[in-house]
1. Roughly how many whole Å is it from the C-alpha centroid of segment 43-58 to that of segment 68-98?
2. With all distinct Cα pairs included, what does the Kirkwood hydrodynamic radius of segment 3-80 come out to in Å, to one decimal, could you say?
3. Suppose the chain between Ala11 and Leu104 were pulled fully straight at 0.36 nm per residue; how much longer would it get relative to their current alpha carbon spacing?
4. What's the extension gain from Arg22 to Arg85 if we count 0.36 nm per residue and subtract their Cα-Cα distance?
5. Can you give the angle from 0 to 90° between the axis of helix 3-33 and the longest principal axis of the chain, with both taken from C-alpha atoms, to the nearest 10?
6. Evaluate the relative contact order of the chain (contact order divided by residue number), counting alpha-carbon pairs under 8 angstrom at least 6 apart; express in whole percent.
7. Name the lysines eligible as straight-distance cross-link partners of Lys74: C-alpha to C-alpha under 29 Å, and not fewer than 8 places from it in the same chain.
8. If I stretch the segment between Leu55 and Ala31 completely, what's the gain in nm (0.36 nm per residue apart, minus their alpha carbon distance), one decimal?
Amino acid sequence: MDRKTRNELQAAIEEQIEAVSRELAEMQERAKTVDLDQPIGRLSRMDSLTNQGILLSSVTKAKTRLARLKQVLKNIDGQEYGLCRECGEEIGIQRLKALPESELCIDCAQ
Ligand SMILES: [Zn+2]
């Protein structure tokens, strides 16, 4: 991978870290406003519990992605970055830009 490509990828990763951080903050804000002690009907209470569950699992997913993106940003200068963990071939640049934390090339991922 050449310097220019690495720089482009680094910019893409930083952008995605920012986007996911924003999303995460929004979700955490929303999770706070779901008040389970509100005297609401049984059905809507179950609804809000379900929504709360979905929200919390999205928060967990976003946190995991954020941690992986930060890890990738740290390792981007390493020899291994951009190589498929399975076959050792280079992972396509378009794939890396969309999903910088990819460890598999498109063929191995399928
Ligand atoms: Zn592969």
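Derivation of every value follows stated rules applied to the coordinates shown; laboratory data play no part. These numbers come from a predicted model, not from an experiment. FYI the Cβ positions are ideal-geometry reconstructions off the backbone, even for glycines, and counts take in every protein chain you see.
1. Comparing the Cα centres of segment 43-58 and segment 68-98, I get a distance of 36 Å.
2. When all Cα pairs of segment 3-80 are included, the Kirkwood radius is 14.7 Å.
3. 31.4 nm
4. Difference between extended and current length: 19.7 nm.
5. It works out to around 10 degrees.
6. 30 percent.
7. Qualifying lysines at Cα under 29 Å: Lys4, Lys61, Lys63, Lys97.
8. 8.0 nm
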